[in-house]
Each structure stands twice: as C-alpha cells, then as structure tokens.
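*Asks:* Sharing a structure with you now.
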C-alpha cells in the first residue's frame, strides 16, 4: 500500500516526565488490593495537522499494568515448576 505524502501526519516526539504517582490503588469489598500502573510509551504533537478549533493535536500511546493481591495473600505453584535445590542446601531461598 503506497501512501501519499499529503496523507501522512508528521509528529514531533515528546518526552514525558512523571508528575505525581504512576500507580492508583483500590481496595475491593472482599479485601483484595488492586494496583493499576500507567505508563506513557510514546507521546507526540502533530506538526502538520491541528484540531478543528486550531489547538494542537496530540497522539499518546499508553500501557497499563494491573496487579491484584487477593485478601489471603496466597498463591500456588506446581512442584514441577520449582527450581531444583542445590545439593548442599536444605532450604531454597530465592532473592
């Protein structure tokens, strides 16, 4: 697919600096803790295009990371998925 140059919108890449916290935390009524982290992956302002009212047109790509901690704070892993113990260790401590 060939695009014409006049059909392309050119953007100036903008850096993004975090102001405040990047994480919002919620407690659900069952006691679970939900943390939502937001990140700006890419931000730009159009150099050859504007909104109909003349204001700058921004393009922002974001990503979300959602982490849920259940109220009992327990999880399970299959024994077969655990790393093997070294022969001289009685306990497996992972740092």
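*Asks:* Which condition from (1) surrounded by 10 or more Cβ atoms within 10 Å (Cβ to Cβ); (2) modelled with pLDDT of 95 or more; (3) within 25 Å of the chain's Cα centre (by Cα) is the one that residue 71 breaks?
*Replies:* (2)
*Asks:* Also: Whether any residue in segment 55-65 is under 19 Å from the mean Cα position of the chain (by Cα) and touching a residue at least 40 places away in the same chain (Cβ under 8 Å) is what I want to check. Steps first, please.
*Replies:* Initially, segment 55-65 is screened for residues under 19 Å from the mean Cα position of the chain (by Cα), giving 59-65.
Imposing the further condition that a residue be touching a residue at least 40 places away in the same chain (Cβ under 8 Å) reduces the set to 59.
Checking segment 55-65: at least one residue is under 19 Å from the mean Cα position of the chain (by Cα) and touching a residue at least 40 places away in the same chain (Cβ under 8 Å).
*Asks:* Now for a separate question. Anything in segment 18-41 that is surrounded by 10 or more Cβ atoms within 10 Å (Cβ to Cβ), over 11 Å from residue 68 (Cα atoms) and over 11 Å from the mean Cα position of the chain (by Cα)? List them, or say none.
*Replies:* First, the residues of segment 18-41 that are surrounded by 10 or more Cβ atoms within 10 Å (Cβ to Cβ): 22-28, 31-40.
So of that shortlist, the ones also over 11 Å from residue 68 (Cα atoms) come out as 22-24, 37-40.
Residue satisfying the conditions is 24 alone.
*Asks:* Moving to a separate point now. Just a yes or no: is a residue in segment 29-52 assigned to a loop (DSSP other than H, G, I, E, B), more than 30 Å from residue 74 (Cα to Cα), in contact (Cβ under 8 Å) with a residue 24 or more places away in the chain and touching a strand residue (DSSP E or B) at 6+ places or on another chain (Cβ under 9 Å)?
*Replies:* Residues of segment 29-52 assigned to a loop (DSSP other than H, G, I, E, B): 29-32, 51-52.
Pick out the ones that are also more than 30 Å from residue 74 (Cα to Cα) and you get 51-52.
Remaining after also requiring in contact (Cβ under 8 Å) with a residue 24 or more places away in the chain: none.
No.
The values are calculated or read from the model by the stated rules, or taken from the named source; none is laboratory data. As the structure is a prediction and not an experimental result, all values here were calculated from the model. Because the Cβ atoms are built from the backbone with ideal geometry, glycine has one as well, and the counts that use them run over all protein chains shown.
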